[in-house]
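Below: one structure, written as structure tokens.
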Amino acid sequence: MPGHILILGGTTEARQLAAELTGPGGAATARVTTSLAGRVARPRMPAGDVRIGGFGGPRGLADWLRTHAVDTVVDATHPFAGIISTNAAEAAKATGTALFALRRPGWTAGPDDHWHQADDLAHAAARLLALGRRIFLTTGRLGLAAFATAPGADRLHFLVRSVDPPEPPLPRHTAVLLDRGPYTVEGETALLRDHGIDVLVTKDSGGPATAAKLTAARNLGLPVVVVRRPPPPDGVRVVHDVAAALRLLCQEGGFSRDAADRCP
């Protein structure tokens, strides 16, 4: 029976999993710690123990796993948090720690969507000039230098939405909107219209919290540039919802016998 479950968090699913494990009636017999990267100024805090800040690369994470007797790591980070996912895979392998990833499914285009796939932010930036001039950029506060140096960047106007102020360099013509989801279709539609947006740029984050912008863009007939999510590290098991994560933890002994009836 594991003594310690480490959740690499920052997502809605990570908070839900921590609540299921540690809340009233929670079935976990192990200690549960959620680790947050510390990149958001006022994060939504999960239930249970919390640590904030980096580990110092895969070696530092491996040391932390050993020191704190972690038996299972659940990588429930953002689908685009590639560095920590890679570090977790290397640290788990080095220490013999069980690891799996909790990743909500990506979005799927419908017949009325006008999506343009991009491999990364630079690829997304290179596609903009052919699609429009007023860009709603919802890729987060990091990596905006790719858009500052995009072809024809001086002819593009950006509305950048993020939870915290974005990091420079920013495109020359940029307005910043600090906001946090979830959002509504009505609100997103009004935002797109009020700012005269003609192109939406987003990462394929998946989930319902920020999907309303896609519906609004579809209803308005706007093109959407979607940055593909990176694959998980080789060999890492992936589940797609909290119920599946609980089942896997249950199967691998993370629950007490008297709580077995609560196993999904």
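The values are calculated or read from the model by the stated rules, or taken from the named source; none is laboratory data. From a predicted model like this one, the values you see are computed outputs, not experimental measurements. Methodologically, a virtual Cβ is constructed for each residue, glycine included, from the backbone with ideal geometry; neighbour enumeration extends over all protein chains shown.
Is one or more of the residues making up the stretch 241-249 within 23 Å of Arg141 (Cα to Cα) and surrounded by fewer than 19 Cβ atoms within 10 Å (Cβ to Cβ)? Don't jump to the end; show me each part of the working.
We begin by selecting, within the stretch 241-249, every residue within 23 Å of Arg141 (Cα to Cα); these are none.
No: the stretch 241-249 contains no residue that is within 23 Å of Arg141 (Cα to Cα) and surrounded by fewer than 19 Cβ atoms within 10 Å (Cβ to Cβ).
Please verify whether Val226 is at pLDDT 95 or above and surrounded by 20 or more Cβ atoms within 10 Å (Cβ to Cβ), treating the condition exactly as stated.
Numbers: at pLDDT 95 or above: yes; surrounded by 20 or more Cβ atoms within 10 Å (Cβ to Cβ): yes.
Yes.
Mind listing whichever residues of the stretch 92-146 are small (Gly, Ala, Ser) and either closer than 30 Å to Gly3 by Cβ or within 18 Å of the chain's Cα centre (by Cα) (or both)? Full working, then the answer.
Within the stretch 92-146, the subset small (Gly, Ala, Ser) is 92, 94, 96, 98, 101, 106, 109-110, 118, 122, 124-126, 130, 132, 140, 143, 145-146.
Hits for the stretch 92-146 are Ala92, Ala94, Gly96, Ala98, Ala101, Gly106, Ala118, Gly140, Gly143.
Looking only at the stretch 178-187, filter to residues that are surrounded by fewer than 16 Cβ atoms within 10 Å (Cβ to Cβ) and under 21 Å from the mean Cα position of the chain (by Cα); which one of those is farthest from Arg39 (Cα to Cα)?
The initial filter retains those residues of the stretch 178-187 that are surrounded by fewer than 16 Cβ atoms within 10 Å (Cβ to Cβ), namely 178-180, 182, 184-187.
Next, only the ones that are under 21 Å from the mean Cα position of the chain (by Cα) stay: 178-180, 182, 184-185.
Details: Leu178: 15, Asp179: 15, Arg180: 14, Pro182: 19, Thr184: 25, Val185: 28 Å.
For the stretch 178-187, the residue satisfying everything is Val185.
For residues in the stretch 178-194 being part of a helix (DSSP H, G or I) and not small (Gly, Ala, Ser), which is farthest from Ala125 (Cα to Cα)?
At the first step, the residues of the stretch 178-194 found to be part of a helix (DSSP H, G or I) are 185-194.
In the following step, the residues that additionally are not small (Gly, Ala, Ser) were identified as 185-186, 188-189, 191-194.
On the way: Val185: 25, Glu186: 27, Glu188: 22, Thr189: 23, Leu191: 21, Leu192: 19, Arg193: 22, Asp194: 23 Å.
So the residue we want is Glu186.
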Contacts under 7 angstrom Cβ, first residue in the stretch 19-47 being over 18 Å from Glu252 (Cα atoms), partner modelled with pLDDT under 75 and part of a loop (DSSP other than H, G, I, E, B), 6 or more apart
Ala47/Gly23
